[in-house]
Amino acid sequence: MLKGKTALVTGSTSGIGLGIATALARQGANIVLNGFGDVQGPRAQVEQAGKAFEIKVGYHGADMSQAGQIEEMMQYAAAEFGRVDILVNNAGIQHVAPVQEFPVEKWDAIIAINLTSAFHTTRLALPAMQKANWGRIINVASVHGLVGSAQKSAYVAAKHGIVGLTKVTALENATSGVTCNAICPGWVLTPLVQKQVDAKAQALGISNEEATKQLLGEKEPSQQFTTPEELGDLAVFLCSPASNNVRGVAWNMDGGWAAQ
């Protein structure tokens, strides 16, 4: 379905981003990976997923808190692949603390990576998408783009901002072939969430299994994690002809969290 298209997925060397990149590759899209840590493992996984289509997989290690490096990444994608047809803004970090104790540098970093980076990639990807009259921008927000949770002020603020940016981008391109939507997962078992599970287990002196149960029980009625694979399949749908008129939506996949 996506053969000949190129998808750039930020924060895609693990977790949700890697799940989405893999799903898009399976549909024939060339992929530009971005992130830190091991690159060869994720690259091999994505190449294998798109093997039937002989896709190309690129990588750029832009620090998503740096506007200049984001510009270099977008220039790299254009030079190597022609243009970015599908942009998935997924990069994100987290820090937990009450507002009055929240480290200023952590606030600045979370806003920069979780929100401002999506503005930069979007403004740089849009001209080519508009010229081609086809493009898909998918912003990975969070259920925290729809509701709040204590001690997550920066993350909740950034994710609410992402949902707002999604709506404005969709409206500005509403009569074109360029769409913009947000995905809002609940708990997804990524390295980021595993750290929270580990911290809860250590703080309360309980097993990881019990900590996981408590974590899900607090918020998610389904009592199960959403998987990166499920989020990847939703991203594929948002790139399909069936979603041509899905615009400015914040689509929560949260096990009923926001329905409460």
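Can you check what the net charge comes to around VAL168, using other residues whose Cβ is under 12 Å from the Cβ of VAL168 (Lys, Arg +1; Asp, Glu -1)?
Cβ neighbours under 12 Å give a net charge of +2.
Order these peptides, 136-146, 202-212, by their mean beta-carbon neighbour count within 10 angstrom, highest first.
The most tightly packed comes first, giving 136-146, 202-212.
Quick check: the distance between the Cα centres of the range 218-239 and the range 121-194, to the nearest angstrom?
Here the answer is 15 Å between Cα centres.
For the range 1-75 and the range 240-260, what is the separation of their C-alpha centers, rounded to whole Å?
Here the two parts' Cα centres lie 23 Å apart.
Please give me the summed charge of the neighbours of VAL84: other residues whose Cβ is under 15 Å from its Cβ, Lys and Arg +1, Asp and Glu -1.
Cβ neighbours under 15 Å give a net charge of +2.
How tilted is helix 228-238 with respect to the longest principal axis of the chain? Cα atoms for both, answer in degrees (0 to 90, nearest 10).
40 degrees
No solvent, one uniform scatterer per C-alpha: report log10 I(q)/I(0) for the range 1-59 via the Debye equation at q = 0.17, 0.20, 0.26 1/Å, two decimals.
Log-scaled intensity ratios, in q order: -0.40, -0.56, -0.95.
Considering all alpha-carbon pairs of the range 1-106, what whole percent are spaced by more than 18 angstrom?
Counting every Cα pair in the range 1-106, those more than 18 Å apart make up 47 percent.
Report the charge-dipole magnitude of the range 1-145 in Debye, nearest 20, computed about the Cα centre from +1 at each Lys and Arg Cβ and -1 at each Asp and Glu Cβ.
680 debye
For the chain, what is the Kirkwood estimate of the hydrodynamic radius, computed as the reciprocal of the mean inverse distance between distinct Cα atoms, to one decimal in Å?
18.5 Å
Since every read-out is calculated from the coordinates, none of them should be taken as a lab result. Fair warning: this is a prediction, and the values are worked out from it, not measured in the lab. So basically every Cβ, Gly included, is an ideal-geometry build from the backbone, and we count neighbours across all protein chains shown.
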